[in-house]
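Step one of this worksheet: look at the structure below.
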Amino acid sequence: MKNDEGERKMDQVIILDGGMGTELQRRGLRTGENPEVFAMQHPEILEAIHRDYIDAGSRVLYACTFGANRRKLEGTSHAPAEVIRANVRTALRAAEQAADQAAGQASAGASDAGLDAGRVKVALDIGPIGELLYPLGTLRFDEAYDIFKEEAVAGEQAGADLAVLETLTDLYEAKAGVLAVKENTSLPVWVTMTFEENGRTFLGASVACAAQTLTALGVDAIGINCSLGPEEIYPLIKEMRDWTDLPLIVKPNAGLPDPRTGEYAIDAVKFAAQMAPYKELGVSAVGGCCGTTAEFTRLLAEEFAGVKRPDRLARVRTRAGRRGVCAAGRMAEFDGTVHVVGERINPTGKKRFQQALREHDMDYVMETAIAEQDAGAEILDINVGVPGMDEAELMREVVEAVQSVVSIPLQIDSPEPEAVEAGLRAVNGRAIVNSVNGEPERQAQILPIVKKYGAAVIGLTMDKGGLPETADDRIRIAGNILKACEEHGIPAEDLIIDCLTLTVSAQQSQAMETLDAVRRVTNELRLHTALGVSNISFGLPERTHVTESFLTQALYCGLDFPIINPNSRPIMDAVAAFRALSGQDENCMGYIERMADPARQKQAAPAASQAPDLPAGRPQCSQTAGLGNTAGETDCADAAGTAAVSPSGAAASAGTGSDFAAEMPTGSSNSASAAPENGPKDRIARAILKGLKKETRDLTVELMKTMDGMTIINEMIIPALDIVGDQYEKQILFLPQLINAADAACAGLDYIKAQISEGGASVSKGKIIVATVEGDTHDIGKNIVKVVLEIYGYQVIDLGRDVPVQKVVDTAVEQDVPLIGLSALMTTTVANMRRTIDALRASGHDCKIMVGGAVMTREYADEMGADFYVPDAKASADAAKAVLG
Amino acid sequence: MLSARLTELNENEILKYLGYRGQEIDPSLRTQIERCIAEVERAAVPRIVWKQLPVVENHVEGLTLAGSDMADLLANCSEVVLLGATIGAMVERLLMKSEVKSMADALIMDACASTAVENVCNNFEQDLRAEVEKQGLYLSDRFSPGYGDLPFEENRDFCALLDVERRIGVTQSPTHLMIPRKSVMAIMGIADHPLKMRGKGCENCPMFLHCQFRRRGVTCTGEPL
């Protein structure tokens, strides 16, 4: 669909059109009226506007279809296809009539950006859906895709020449739109997003990340429109140019409207003058957005008369641009510097993680992800391979969950093509695929997917012959992979070679072969390299030393994507030291800052005394010493991981001098540390009551040496929480204190859960569903309830917020759940709570229902037929006790 | 031109949102609250959009403005000012992350965020009042859909009229909840004569619908209803 005529023909900058909304208003559109429907009902007005723009010099008309999606047309009694057909045809009519009139006249044709020369082109204009996507909003990616698909298909059928997605602020929504257009039509697709002066969209997407992600998805041109005037957009377009080879589009506003008069700040003369600098910058298409009129277009066309479009293919040939992988707002640039890839989201050999995936316990996964980012990971590897689970579906779920709480790019790690595609599709940004190898069959399965989503890819230097023995073999396979990538249209810059780490205690000579291969891939093949380094030290005592040393040497050889456990401090220290030594860390500021972290000083001192004794046969480790973890290691790795989950929380609650201890059942000293004579039960109760996470956890670790986990939960943690709940009811404690105590109890509980799960069992007194009902997005209350119920030992199935009625019923029936908790915060959504209850009753599933939420009252609850009215988390625990024991 | 201003958050107001009733606040909790305030302030990007519109025959084009409060306002005012305010999506992301890391932090940050968007509205109101009074005119109290008897559903028209999606990045869910959640639509009237201001009672309070104190049968000052 893209043509390369641009290479042979240096054409002029394409003049786009200007504002539509303000023009319609001037000609009769009333406030509150739907502009697309108004235009459909007044085709003569719409056509006149288009003709004005053509007369002024527009070569591409944006059809009046910006808001013609099924959400925005709701309540107008008009379907998107109807409105799109009518308005695209009106634009086409205007274009054809103009062409007839100008027949025989030479046209300033557009051949770049997917356009042929000839008559004025008509773009299907696709604006934002108007609802935010999950996780911030309630609209799911697939539904957004479907909405865009409806528009795109209708637009193509109506005869549009191309599709323009514009004014988008959510990169994820843009991705849904691009996929919808590309997968369902053959229209060229342009995307322009809207940024604020700080170079971010309202939703935090950066110029660089937008450019890389959209370029990767294979659109035909990108740019910026709306929100700002030409002067403010200029530096942003300049930055965008660094990150893409695509033609650039700019369509600024006439500044901002005056709140009192509605007049825009910039007039046509000033606008054209402000646009002039773009001639030097090398943009391919220019126009105006809100507040601009045909007069603006006329002056703009005059300003750009005879200005050639830039030769973008020259840039492609010289590979001038910057590149990297990214989340919506964070770039990991492929500039040869080190990027730590966190390896912890991986169930291999970790029973607790496997359990979390089987139970769809996304909180556990998200905690792991947050801990990795907080510890310094810059990319997260995502592996969800658990036998018996639908890996593609799980990959999608985990990617969505992880990117809702961390802001770094992801690496999709799976051997299954379906899972790779599911992951790449769900990613908001540009990802790495881990991995292909030297086998042509695998390359044929994976590389087309990599190409489709424009991902980077890791190539493992192994093939049918198995693990290579020498550096030469590795280089040979790397070369083969490079060739395969290029055949699939994946540039060498996006290939990352993994030279494979073998265990030094088993195959000693291989360590140096691997390092040699890393050096040669870097220097001879000039490719990036990745390496999972932890495996080097397997089976050796005090593994960290070996891992650290190997890592440092590999970094020196050119390794730029080490795949490591970022929660291991010595390993991350080694990275920090390397960055200082290699000059990547300018003036060693990063290193100095890292070593000055007060949490570090505090935790370093008592290291020895806190190290838990581990059963014989497990690798040695301590919480503070960390270890060279591979993803396959288990207990201590998890211990280290969770300990790092919330350094800020632990620090905040580490204060002393609380008076709560006066309320303690022991009635003794008010300082936890000053009461060594107290039994463990009192000490843990005090730690929980004061909300001390680290202390609670440490005490739990100590108790687990002599007691069994369930006993600790039932005889220590729950009684402590009962006291907290009681004090909350008596208003001795207020809500944050109650929740701090719950958080502390969780810290202990998490450790117990991990231990019990290693033994193949799980902690559960029964299942409970919690959900914020359909239409409601306020879920902090529901989440508090969840935390408390989990502490009491129940397995909570959290369906999230805005949960469709049927999903609650289906889950309850499928998993045979005896207690359902529903929350609604708004009066407008209480009706959906009633519908959910009715549906549960109608299903015949035998269960109790508890309801809560700000607007709920006992009367409401009774009237709706709920079994329990639970005004707070404590009450929900009481209800659970009544139903499940 | 009036701009979006987020000023120092009032800690007492945050405590009020948290259901505080004079409990002992130990230093660690104090530190925790201060840290949460700082994080919310760092994530918050205050944005406003406003429009001044004429009242013609007790009506503002594009709005329904049902209820007795609005009838009163429209009868007395020659113009209205519509306001849309938000502290942005990054706060929402922060709250999401905090809910996983520490529910207590999330709870406190939620209160900070509510206080912050209220703060932005208060600052705008104060700035506008000064401008209006300089012209010898009078500005009414601030009302939002969902307060008093102005229906919550009218948020939809406010959002459309102010073009909040393009101007400040606020969208609505199908049930007319605003996302980012910490966003507010409001209306104020301008008159050439002094206006009767609302009393201080619960019915005039923005928290009326969701007040935790009222549910327990008391006011936020501890008096019985």
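The values are calculated or read from the model by the stated rules, or taken from the named source; none is laboratory data. None of these values were measured; they are calculated from a predicted model. Here the Cβ positions follow ideal geometry from the backbone for every residue, glycine too, while neighbour counts run over all protein chains shown. Accessible surface areas use protein heavy atoms only, side chains included; no ligands, DNA or RNA. Shrake-Rupley method; radii C 1.70, N 1.55, O 1.52, S 1.80 Å.
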> What nm value, rounded to one decimal, do you get for the distance between residue A:597 and residue A:581 when each label is placed 7 Å out toward the C-beta?
Replying inline: 2.1
>> Just want the answer: with Cβ charges of +1 for Lys and Arg and -1 for Asp and Glu, which residue in A:806, A:780, A:793 is farthest toward the dipole's positive end in segment A:767-884?
In response: A:793
> Of the accessible area of chain B, with the probe set at 1.4 angstrom, what percent is carbon plus sulfur?
Replying inline: 49
>> Please list the three semi-axes, largest first and in whole Å, of the ellipsoid equivalent to segment A:366-411, using sqrt of 5 times the eigenvalues of its alpha carbon gyration tensor.
In response: 20, 10, 9
> Looking at segment A:338-377, which residues lose a minimum of 50 Å² of accessible area between their chain alone and all protein chains in place, measuring with a 1.4 Å probe and not counting ligands or nucleic acids?
Replying inline: A:370
> At a Förster distance of 30 Å, what's the computed FRET efficiency of residue A:708 paired with residue A:359, Cβ-Cβ distance as r, to 0.05?
Replying inline: 0.85
>> What does DSSP give for the protein assembly as shown in terms of the percent of beta bridges that are antiparallel, rounded to the nearest 5?
In response: 30
> Counting DSSP beta bridges with both partners in segment A:5-318, what percentage is antiparallel, nearest 5?
Replying inline: 10
> After finding the eigenvalues of the alpha carbon gyration tensor for segment A:5-318, what semi-axes result from the square roots of 5 times each, listed largest first in whole Å?
Replying inline: 25, 23, 21
> Mind checking the dipole of the protein assembly as shown: about its Cα centre, +1 per Lys or Arg Cβ, -1 per Asp or Glu Cβ, Debye to the nearest 20?
Replying inline: 700
> Roughly what would the spin-label model give for residue A:732 and residue A:816, points 7 Å off Cα along C-beta, in nm?
Replying inline: 4.2
>> Cα atoms only: what Rg and Dmax, in Å, come out for segment A:767-884?
In response: 12.2, 33
> With charges only on Cβ, +1 for K and R and -1 for D and E, what is the dipole size of chain B about its Cα centre, in debye, rounded to 20?
Replying inline: 560
> Is there a pair in A:182/B:101; A:72/A:786; A:693/A:730; A:452/A:483 whose C-alpha atoms are over 27 Å apart, and which pairs would that be?
Replying inline: A:182/B:101; A:72/A:786
> In deg cm²/dmol, rounded to 500, what helix-only [θ] at 222 nm does the protein assembly as shown give when every DSSP H run of at least 4 residues adds -39500 (n - 2.57) and the total is split over its residues?
Replying inline: -13500 deg cm²/dmol
>> Counting only protein heavy atoms and a 1.4 Å probe, tell me what percentage of segment A:767-884's accessible area is made up of carbon and sulfur.
In response: 48
> What FRET efficiency, computed as 1/(1 + (r/R0)^6) with R0 = 60 Å and r the Cβ-Cβ distance, is obtained for residue B:12 and residue A:487, rounded to the nearest 0.05?
Replying inline: 0.35
> Assuming a viscosity of 1.306 mPa s and a temperature of 10 °C, what translational diffusion coefficient in µm² per second does Stokes-Einstein assign to chain A, Rh being the Kirkwood radius over Cα pairs?
Replying inline: 53
> If you take the accessible area of A alone, add that of B alone, and subtract the area of the pair, what total do you get in Å², probe 1.4 Å, to the nearest 100?
Replying inline: 6000
> So, in nm, how far is label residue A:79 from label residue B:5 when the simple model puts each one 7 Å beyond its Cα toward the Cβ?
Replying inline: 5.3
> What does the convex hull of the Cα atoms come to per residue for segment A:435-559, in Å³?
Replying inline: 93
>> At q = 0.16, 0.18, 0.19 Å⁻¹, what log₁₀ I(q)/I(0) does segment B:11-213 have when each alpha carbon counts as one equal point scatterer in the Debye sum?
In response: -1.08, -1.29, -1.39
> Heavy-atom accessible surface, probe 1.4 Å, ligands and DNA/RNA ignored: which residues of segment A:767-789 lose at least 50 Å² versus the isolated chain?
Replying inline: A:777, A:780
>> Nearest 5 percent is fine: what portion of the DSSP beta bridges confined to segment A:193-306 is antiparallel?
In response: 20
> Mind listing the phi-derived Karplus ³J(HN,Hα) values for segment A:700-715, rounded to whole Hz, using 6.51, -1.76 and 1.60 with θ = phi - 60°, and x for any glycine or proline?
Replying inline: 4, 4, 5, 5, 4, 5, 10, 10, 8, x, 5, 5, 4, 4, 6, 9
> If the cut-off is a Cα-Cα distance under 16 Å, which lysines reach residue A:270, setting aside same-chain residues fewer than 8 apart in sequence?
Replying inline: A:251, A:279
> For residue A:556 and residue A:827 in one chain, what is 0.36 nm times their gap in residues minus the Cα-Cα distance, to one decimal in nm?
Replying inline: 91.4 nm
>> Can you find, among A:249, A:725, A:307, the residue sitting farthest towards the positive end of the charge dipole of the protein assembly as shown, where Lys and Arg contribute +1 and Asp and Glu -1 at Cβ?
In response: A:307
> residue A:70 to residue A:467: extension gain in nm, 0.36 nm per residue of separation minus the Cα-Cα distance?
Replying inline: 137.5 nm
>> If you count only protein heavy atoms with a 1.4 Å probe, what accessible area per residue comes out for segment A:767-884, rounded to a whole Å²?
In response: 35
> Taking a threshold of 27 Å on the Cα-Cα distance, which of the pairs A:175/A:308; A:175/A:351; A:694/B:182; A:175/B:97; A:705/A:848 fall above it?
Replying inline: A:175/A:308; A:175/A:351; A:694/B:182; A:705/A:848
>> So, for segment B:11-213, what is the accessible surface per residue at a probe of 1.4 Å, expressed in square angstrom?
In response: 38
> Which parts of segment B:87-128, residue by residue, lose 40 Å² or more of accessible area when the rest of the protein chains are there, as against the chain isolated (1.4 Å probe)?
Replying inline: B:89, B:90, B:93, B:96, B:97, B:99, B:100, B:101, B:103, B:104, B:107
>> Let's see if you can work this out: charge +1 on each Lys and Arg Cβ, -1 on each Asp and Glu Cβ, no other charges. What is the dipole magnitude of segment A:767-884 about its Cα centre, in debye to the nearest 20?
In response: 140
> What accessible area per residue, rounded to a whole number of Å², is obtained for segment A:5-318 using a probe radius of 1.4 Å?
Replying inline: 34
>> Cross-link candidates for residue A:149: which aspartates and glutamates have Cα within less than 15 Å, leaving aside residues fewer than 8 places away along the same chain?
In response: A:82, A:125, A:173, A:183
> Which value, in Å³ per residue, describes the convex hull spanned by the Cα atoms of segment A:324-598?
Replying inline: 128
> Ignoring any ligand, DNA or RNA, what whole percent of the accessible area of segment A:5-318 comes from carbon and sulfur when the probe is 1.4 angstrom?
Replying inline: 47
> Hey, with R₀ at 56 Å, roughly what FRET efficiency would residue A:863 and residue A:239 work out to, going by the Cβ-Cβ distance, to 0.05?
Replying inline: 0.45
> What translational diffusion coefficient, in µm²/s and rounded to a whole number, does the Stokes-Einstein relation yield for segment A:190-312 at 25 °C and a viscosity of 0.890 mPa s, taking the hydrodynamic radius as the Kirkwood radius over Cα pairs?
Replying inline: 169
